[in-house]
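Colleague: Just passing along the structure, written as structure tokens.
The values are calculated or read from the model by the stated rules, or taken from the named source; none is laboratory data. Please read all numbers here as calculations on a predicted model, not as lab measurements. FYI the Cβ positions are ideal-geometry reconstructions off the backbone, even for glycines, and counts take in every protein chain you see.
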Amino acid sequence: MGTRSIGHRERLGRSGKWVVKVGSALVTDGGRGLDTDRIRGWTDQLAALRADGRGMTLVSSGAVAQGVQRMGWRSSPRELFKLQAAAAIGQSGLVHAYETAFQRHGLQTAQVLLTHDDLSDRRRYLNARTTLRTLLELGVVPVVNENDTVATDEFRFNDNDTLAALVTNLVEADLLVILTDQAGLFDADPRMHSDAALISEGRAGDPHLETLCGGGSSGRLGRGGMLAKVQAAAKAARSGAATVIASGQEPDVLRRLARGESLGTLLLPSREPMAARKQWLASQMQSRGRLWLDDGAVRVLRERGRSLLPVGVTRVEGGFHRGEIVTCLDRNGREVGRGLVNYDAREARVIQGASSDRIEQLLGYVDEPELIHRDNLVLT
Ligand code: GLU
């Protein structure tokens, strides 16, 4: 490995926001029941990285596998309703195990269950994004899983690798770490080729990598497989994140990655993170409306990186909903930026020009003091 890649590893190791995904086989000791020793091991590391100032989000599979084990079933049921029942049974045990382990470090956890629908509906998307980011700001470690109990087949993420990638986009993490029962991505199937070599670095989204995944067969317990992981890396790269696929059995794997050690397969985004993030936010959807700003608002946005408050808005155009993208314009109609708006067009017209402490009086409620929070705003 050349010095360039060591540089990437070190930079990412120090980076501020991580999403860590652990798979079913690891969490449940191959389906034999929750592996509390391993869970303690990962939570110790997550707590250490959190204490070091990083925002850490955990995406954990294992609800179905744990439910199946608790019910004494010999294998995962095929019927969706039984799978959903198993997930409901297993999820409470899963979260309890994490909560107990994090409490040893005085850390709070939060259970976040998401469905595909939550991320395709604009308002729910914005709520999920705001809640997760708030949890991270509060120093809490969110423990995320798919809401398997309600997710219907056509609206499933399909696997938690995809879910983890979308959570990476949602919180705009720098790094997605996918912990699995393999050391990483190999240039041939290591089960069939003893000389298969680990790929230590590649480009996320490189189509060649998909051909190395052996048809993407899923594990016996989880739904992912290596193909899903490589595809998840491509999705994570859309918001500028890098992905590491590494073995969750490797001692101290997260702390060692944080030190820049070359473990597993690192898949880098092809675009510089900030540019990718901007493009990602802009591509989320078309702009649905326009907010005309006064000079003061333009200045605080541009020069001080602040949120857009209703007081700085002079005119509202369009028929947007909360959570949609709107364009901000200066008094000459030049674009200043784009962002996810916290109020719909009707509400925005009512509160435009008013100070935030009057929102409640004008609308009868307050969703947020900002019209667009700075985290959801990209300057152009
Ligand atoms: N959400 C499923 C569970 O917790 C796992 C999906 C996957 O295997 O990736 O059991």
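Colleague: Out of (1) at pLDDT 95 or above; (2) more than 16 Å from the ligand (Cβ to nearest atom), the odd one out for ASP206 is which?
Modeller: With respect to (1) at pLDDT 95 or above; (2) more than 16 Å from the ligand (Cβ to nearest atom), ASP206 is out only on (1).
Colleague: Tell me, please, whether a residue that is within 14 Å of the ligand (Cβ to nearest atom) and not hydrophobic (A, V, I, L, M, F, W, C) can be found in segment 256-264.
Modeller: Initially, segment 256-264 is screened for residues within 14 Å of the ligand (Cβ to nearest atom), giving none.
No, segment 256-264 contains no residue that is within 14 Å of the ligand (Cβ to nearest atom) and not hydrophobic (A, V, I, L, M, F, W, C).
Colleague: What are the residues in segment 160-178 that are more than 20 Å from ARG133 (Cβ to Cβ) and surrounded by 24 or more Cβ atoms within 10 Å (Cβ to Cβ), if any? If you could, list the steps in order and put the result at the bottom.
Modeller: At the first step, the residues of segment 160-178 found to be more than 20 Å from ARG133 (Cβ to Cβ) are 160-162, 178.
Result: ASN160, ASP161, ILE178.
Colleague: Next question, about the same structure. Show the residue pairs meeting these rules: Cβ distance below 7 Å; 6+ apart or different chains; first residue within segment 35-47 and closer than 13 Å to ARG256 by Cα; second residue among the β-branched types (Val, Ile, Thr).
Modeller: Short answer, once both residue conditions are applied: TRP42/VAL22; LEU46/VAL20; LEU46/VAL141.
Colleague: Being within 14 Å of the ligand (Cβ to nearest atom) and farther than 22 Å from TRP42 by Cβ is the filter here, so list the residues in segment 76-102 that pass it.
Modeller: Correct list: SER76, PRO77, LEU80, LYS82, LEU83, GLN84, ALA85, ALA86, ALA88, ILE89.
Colleague: I would also like to ask the following. Output the number of residues of segment 55-75 satisfying the condition of being near the ligand (Cβ under 10 Å from one of its atoms) and part of a loop (DSSP other than H, G, I, E, B). Before the answer, list the steps.
Modeller: Pass one, segment 55-75, residues near the ligand (Cβ under 10 Å from one of its atoms): 59-68.
From the residues that got through so far, the ones that are part of a loop (DSSP other than H, G, I, E, B) too are 61-62.
Final tally of qualifying residues: 2.
Colleague: Would you call ARG78 in contact with a helix residue (DSSP H, G or I) (Cβ under 6 Å, 6 or more places away or on another chain) and surrounded by fewer than 17 Cβ atoms within 10 Å (Cβ to Cβ)? Can you show your working first?
Modeller: Working: in contact with a helix residue (DSSP H, G or I) (Cβ under 6 Å, 6 or more places away or on another chain): no; surrounded by fewer than 17 Cβ atoms within 10 Å (Cβ to Cβ): yes.
Criteria not met by ARG78.
Colleague: I'd like the full set of residues that are modelled with pLDDT of 60 or more and either of a type in the set (Val, Ile, Thr) or farther than 21 Å from HIS193 by Cα (or both), limited to segment 209-221. Working first, answer last.
Modeller: Here is the first cut: in segment 209-221, the ones modelled with pLDDT of 60 or more are 209-214.
THR211, the sole residue that qualifies.
Colleague: Identify the single condition in (1) within 16 Å of the ligand (Cβ to nearest atom); (2) closer than 25 Å to THR28 by Cα; (3) touching a helix residue (DSSP H, G or I) at 6+ places or on another chain (Cβ under 6 Å) that ALA110 does not satisfy, given that it satisfies every other one.
Modeller: Here ALA110 meets the rest and fails (1).
Colleague: Does any residue of segment 103-118 turn out to be of a type in the set (S, T, N, Q), more than 19 Å from the chain's Cα centre (by Cα) and farther than 15 Å from LEU46 by Cβ?
Modeller: So far as segment 103-118 goes, no, none of its residues is of a type in the set (S, T, N, Q), more than 19 Å from the chain's Cα centre (by Cα) and farther than 15 Å from LEU46 by Cβ.
Colleague: Contact list please: Cβ distance under 7 Å, first residue in segment 93-108 and over 15 Å from PRO142 (Cβ atoms) and touching a residue at least 40 places away in the same chain (Cβ under 8 Å), second residue in a loop (DSSP other than H, G, I, E, B) and hydrophobic (A, V, I, L, M, F, W, C), pairs at least six apart or on different chains.
Modeller: GLY93/LEU34; ALA97/LEU34
Yes/no per residue for (1) modelled with pLDDT under 95; (2) charged (D, E, K, R); (3) part of a helix (DSSP H, G or I):
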{"position": "GLY7", "(1), (2), (3)": "yes, no, yes"}
{"position": "TRP18", "(1), (2), (3)": "no, no, no"}
{"position": "TRP42", "(1), (2), (3)": "no, no, yes"}
{"position": "GLY53", "(1), (2), (3)": "yes, no, no"}
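Colleague: Every residue in segment 90-121 that is not in a helix (DSSP H, G or I) and not polar (S, T, N, Q), please. Steps first, please.
Modeller: In the first step, residues of segment 90-121 are kept if they are not in a helix (DSSP H, G or I); the result is 104-115, 121.
Those that are not in a helix (DSSP H, G or I) and not polar (S, T, N, Q): ARG104, HIS105, GLY106, LEU107, ALA110, VAL112, LEU113, LEU114, ASP121.
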